[in-house]
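The values are calculated or read from the model by the stated rules, or taken from the named source; none is laboratory data. Just so it is clear, the model here is predicted, and its values are computed rather than measured. Heads up, the Cβs are rebuilt from the backbone with ideal geometry, glycines too, and the neighbour counts pull from every protein chain shown.
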Amino acid sequence: MRVSTWQKWRHLWRMHHLQTPYRLLLGEDDGALVSIDCETSSLKVKDAEILSIAAVCIEGNRIRTKDAFYTLVKPQQALDRENVQVHGLRPSDVSEGMPLEEALQKFLQFIGGRTLLGYYLQYDVAVLNKYFKPMLGTVLPNHEVEVSGRYYDWRVGDYPGAYIDLSWETIIKNLHISALPRHDALNDTITVAMMYLALQSRGYGVL
Amino acid sequence: MVATRFDLSHPPFDLLTLAEASALSAAADILFFGNDQEILPTGSMVDSLYLVMKGLVRETAGDDVVGVYREHETFDCRALATGKTIHRFVAHEEALLCVFPRQDVLALTEKNPAFGAYFFSTVSDKFGQLAQKRDRREWQSLFTAKICDAGFRSPVFIDATATIADAARLMKEQHRRSIFVRDGERIGLFTTGDFRDIVANGVSNQTLVRERSQFSLLSCEKSDYLFNALLLMTQRNIHRVVVTEDGIPIGVLAQSDLLSFFSNHSLSIAQQLEMATTVDDLTRATQEMETLVATLAVQGMKMPQLARLVQALNTQLMVRLWEMVAPPDVFAGSALLALGSEGRGEQILKADQDNALILAEGLNEKEVEQAASNFTEQMLRLGYPLCHGGVMVNQKLWRHTVRGWSQILQEWARQSQGDALMNLAIFLDAETVAGSPTYLAKCRDALQAGLRDDATWLSRMALPIEQFQNTRVEGGFWSQMLNREKDARLDIKKAAIFPIVHGVRVLALEADIRVTNTFDRLGALASKLILDKTLANDLAESLAFLMRLRLDAGLVSLREKKAVSNDIDTATLSTLDKDLLKDALMVTKRFKQMVQQRYHLDRF
């Protein structure tokens, strides 16, 4: 993976600040990618509580849906009526969820030191880091790949200077993939993984 | 809410229970392949079953494309059993595949017999499964048919002040079991059932009909589902409901109307043909035949049986017509023959006329000619197109005495090429429609006696089986689908029906099997051990399936008022039908190879 000096330095800095039990775990990178997605109670990072976390590994041309990670998280506060409409998770759905602490530990076990992949990944990572920073001593050290960014790079080569629509539906359409219904966070991580494989075969994977 | 993560609503996965589908879905991974990337090399071990989510996959044997898989289609079913693929699979267009572990799928095939049958059954079992599906369609028609489809009768009214005796007379005249009673604004119903009470209670027949009628009527709107009418009758235990249009009574639907909608009415057509005295009467009957065929096909009647039924009706029609146009001595002194597919009883929709006459000695030539050309003309009026090859009674070539026929048949057999050969093939399928069958038997004896007892002769006879072996209909068919050509049509007559029918015909000729129907010939060939029983079964099922495809396409053409042809638009076929078509073409190929070897056709 080609990373800038700044990124390399930042990675090292974060690894250095990791609490000991996590340094080993997050140092493991087998070259696979992990597509991740969270559903939250709000779109503002400050207010957002995690309601579900999903992650799926991509190895070569295979999406490991069979061994995917998905868990509902029991929120600390009552859910907002408005946001129920956005994520479709009702209070009764998440009340059976895992305690947040446990969910985050399991998530870390799953991702290890692999590169993270997502659609508007910045937001998900920001929400996760809100909890991880006190836990790990630093934010997630993992490298990140933004699928809409790789899509932009591919498109802009064909249409230099044009406005490039980065909406979910447009990316699906132009990459000719078969998106899963937007039913839960896991389906979205799988769809993002499919986007990534289509981009990878066009020469726009991880460089 | 989606039941399973991956769409498993297509065959064979639609046979799984929800729990089975969810478990299988959870065990699946996704694979991505770029253009022309190899998925499975020839001879590789296969530990998965692949379902195409997106894209196009081609299956090749050497340089030949032998299969194409698109969205919702599954491969490699053979490798599921053997664990090894004999062909190569390549992504023709970028493909996303859902990958199911072979062990999980195998476990399901054991747990769920219907699902297992899809993978492990012989071709003829698979077709049987399809037939079961069609049975389900029959039930569906009950739920989708509207009351207006059932054909209820228009209403007959009587005034409420008429007497019961008047009502009885009106019902007798009009052949009705129920009549409407008009009483000012009120509408009532008076039925034959009411007479039971009238007689039992000694009511005078001069009583006003108003007093014995039912005025609180149960009704259904004309646009309502037939099923609702059935439900109402069942719930209230009544025999008929009033059919209304915007609340106004327009007829009565009886239980018997309901029943006859779901069974056939071939008997009534036969009756109409029997009672016909003019060509116009016959025209009406033939129009009803088309409706009958469409109904029975939808209800899942099997093709060989449906074809026989149509043959019986067509035969009756031709007899009646021949009787109408031929002078009595010509009718009595001749045998009218149906030839080709009509003779074999494999024609379901109206096809070109193929007929001939065998005449007694000493008939008036002029009278015969006039009757024959009149017959051909009237058949055309009834909707049977003229035969392009002129195989019709109005042609002198197709009217002979027994002696004349014997000579000409032997001459055709001697030439055994070109037109003579095709004419002979057509005649081999002759069936007597009207007149004495002994005429035809004598002609066949003469032909059989004159047949040369050498293998080259039969080889030449079998040769046309190869005549449509161009790329367009065979190997080219799959590449056509690969290239997503707009024209994904396949002439199934050339590709499969003709090779099967002709091959079977030649084998039957060699064995002197005199029945003409291909299904019967296959049965006879199998019992004489000339054909392997499995192959004979597969051929019969394939032919029935192909006839069904042709019929479905034909019915669509008729609905759209287009000419019926042998072209099937493969793009419109369901996954299952495409799968079965693939199997039917494979069976045809296997049979052709068998015939080619038997008659050493590679010598030509």
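The single condition from (1) closer than 24 Å to A:Thr5 by Cβ; (2) facing chain B (nearest Cβ under 9 Å) that A:Pro141 fails is (2). Restricting to the range B:17-45, name every residue that is surrounded by 14 or more Cβ atoms within 10 Å (Cβ to Cβ), more than 14 Å from chain A (Cβ to nearest Cβ) and not acidic (Asp, Glu). Correct list: B:Ala21, B:Thr42, B:Ser44.
Of the numbered criteria (1) of a type in the set (A, V, I, L, M); (2) in contact with a helix residue (DSSP H, G or I) (Cβ under 7 Å, 6 or more places away or on another chain); (3) within 14 Å of chain A (Cβ to nearest Cβ); (4) within 18 Å of A:Arg62 (Cα to Cα), the one B:Leu8 fails is (4).
Would you confirm whether or not the range B:194-209 contains a residue that is crowded, with 20+ Cβ neighbours inside 10 Å and either in contact (Cβ under 8 Å) with a residue 40 or more places away in the chain or among the small types (Gly, Ala, Ser) (or both)? Among the residues of the range B:194-209, at least one is crowded, with 20+ Cβ neighbours inside 10 Å and either in contact (Cβ under 8 Å) with a residue 40 or more places away in the chain or among the small types (Gly, Ala, Ser) (or both), which makes the answer yes.
So that you can scan it fast, the table gives a plain yes or no per residue for (1) modelled with pLDDT of 90 or more; (2) touching a Lys or Arg at 6+ places or on another chain (Cβ under 8 Å); (3) farther than 18 Å from A:Leu140 by Cβ; (4) surrounded by fewer than 20 Cβ atoms within 10 Å (Cβ to Cβ):
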| position | (1), (2), (3), (4) |
| --- | --- |
| A:His16 | no, no, no, yes |
| A:Leu51 | yes, no, yes, no |
| A:Lys66 | yes, no, yes, yes |
| A:Gly88 | no, no, yes, yes |
| A:Glu96 | no, yes, yes, yes |
| A:Glu101 | yes, no, no, yes |
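Within the option set A:Tyr159, A:Tyr151, being among the aromatic types (Phe, Trp, Tyr), away from chain B (no Cβ under 14 Å) and farther than 18 Å from B:Phe32 by Cβ holds for one residue only, A:Tyr159.
If you go through the range B:534-564 and keep only what is of a type in the set (S, T, N, Q) and in contact (Cβ under 8 Å) with a residue 12 or more places away in the chain, you end up with B:Thr534, B:Asn537, B:Ser542.
Taking the range B:150-202 on its own, how many of its residues are of a type in the set (Val, Ile, Thr) and in a loop (DSSP other than H, G, I, E, B)? If you could, list the steps in order and put the result at the bottom.
Start the filter on the range B:150-202 by keeping residues that are of a type in the set (Val, Ile, Thr), which leaves B:156, B:158, B:161, B:163-164, B:179, B:181, B:187, B:191-192, B:198-199.
From what's left, in a loop (DSSP other than H, G, I, E, B): B:156, B:161.
The number of residues fulfilling the criteria is 2.
Can you find even one residue in the range B:517-528 that is among the polar types (S, T, N, Q), within 28 Å of B:Ala294 (Cβ to Cβ) and modelled with pLDDT of 85 or more? Taking every residue of the range B:517-528 in turn, at least one turns out to be among the polar types (S, T, N, Q), within 28 Å of B:Ala294 (Cβ to Cβ) and modelled with pLDDT of 85 or more. Restricting attention to the range B:506-530, and to residues there that are in contact (Cβ under 8 Å) with a residue 60 or more places away in the chain and out of contact with any Lys or Arg (no Cβ under 7 Å at 6 or more places or on another chain), which single residue is farthest from B:Leu424 (Cα to Cα)? Ranking the candidates gives B:Phe519 first.
Which residues, taken from the range B:46-60, are within 12 Å of chain A (Cβ to nearest Cβ), touching a Lys or Arg at 6+ places or on another chain (Cβ under 8 Å) and within 15 Å of B:Pro101 (Cβ to Cβ)?
Just the residues of the range B:46-60 that are within 12 Å of chain A (Cβ to nearest Cβ), to begin with: B:48, B:51-56.
Keeping just the survivors that are touching a Lys or Arg at 6+ places or on another chain (Cβ under 8 Å) gives B:48, B:52, B:55-56.
Result: B:Ser48, single match.
Looking at B:Ala79, is it modelled with pLDDT under 90 and buried (at least 21 other Cβ atoms within 10 Å of the Cβ)? In short, yes.
Candidates are the residues of the range A:155-207 that are under 22 Å from A:Thr71 (Cβ atoms) and of a type in the set (Asp, Glu); the one that is surrounded by the fewest Cβ atoms within 10 Å (Cβ to Cβ) is A:Asp184.
Could we say that A:Leu199 is more than 9 Å from chain B (Cβ to nearest Cβ) and within 21 Å of B:Asp29 (Cβ to Cβ) here? Lay out the reasoning, then the answer.
Values: more than 9 Å from chain B (Cβ to nearest Cβ): yes; within 21 Å of B:Asp29 (Cβ to Cβ): yes.
Here the answer is yes, as A:Leu199 does meet what is asked.
Could you grab me the full set of residues in the range A:172-189 that are of a type in the set (A, V, I, L, M), facing chain B (nearest Cβ under 7 Å) and within 17 Å of A:Arg150 (Cα to Cα)?
A:Ile177, the sole residue that qualifies.
Screening B:Ile86 against (1) over 20 Å from B:Ile30 (Cβ atoms); (2) assigned to a strand (DSSP E or B) leaves a single unmet condition, (2). Could you list, in sequence order, the residues of the range B:148-181 that are at pLDDT below 80 and of a type in the set (A, V, I, L, M)? Result: B:Ala150, single match. Filtering B:Glu342, B:Glu367, B:Glu346 for residues that are in contact with a Ser or Thr (Cβ under 7 Å, 6 or more places away or on another chain) and either assigned to a loop (DSSP other than H, G, I, E, B) or closer than 24 Å to B:Gln316 by Cα (or both) leaves a single hit, B:Glu346.
Condition first: assigned to a helix (DSSP H, G or I), touching a residue at least 24 places away in the same chain (Cβ under 8 Å) and either within 30 Å of B:Leu386 (Cβ to Cβ) or not small (Gly, Ala, Ser) (or both). Now tell me which residues in the range B:565-585 satisfy that. Please lay out each step first, then the result.
Within the range B:565-585, the subset assigned to a helix (DSSP H, G or I) is B:570-572, B:575-585.
This time we only want the ones that are touching a residue at least 24 places away in the same chain (Cβ under 8 Å), so: B:570-571, B:575-585.
Across the range B:565-585, the qualifying residues are B:Thr570, B:Thr575, B:Leu576, B:Asp577, B:Lys578, B:Asp579, B:Leu580, B:Leu581, B:Lys582, B:Asp583, B:Leu585.
Taken over the range B:370-393, the criterion of being assigned to a helix (DSSP H, G or I) and surrounded by 15 or more Cβ atoms within 10 Å (Cβ to Cβ) is satisfied by B:Gln370, B:Ala371, B:Ala372, B:Ser373, B:Asn374, B:Phe375, B:Thr376, B:Gln378, B:Met379.
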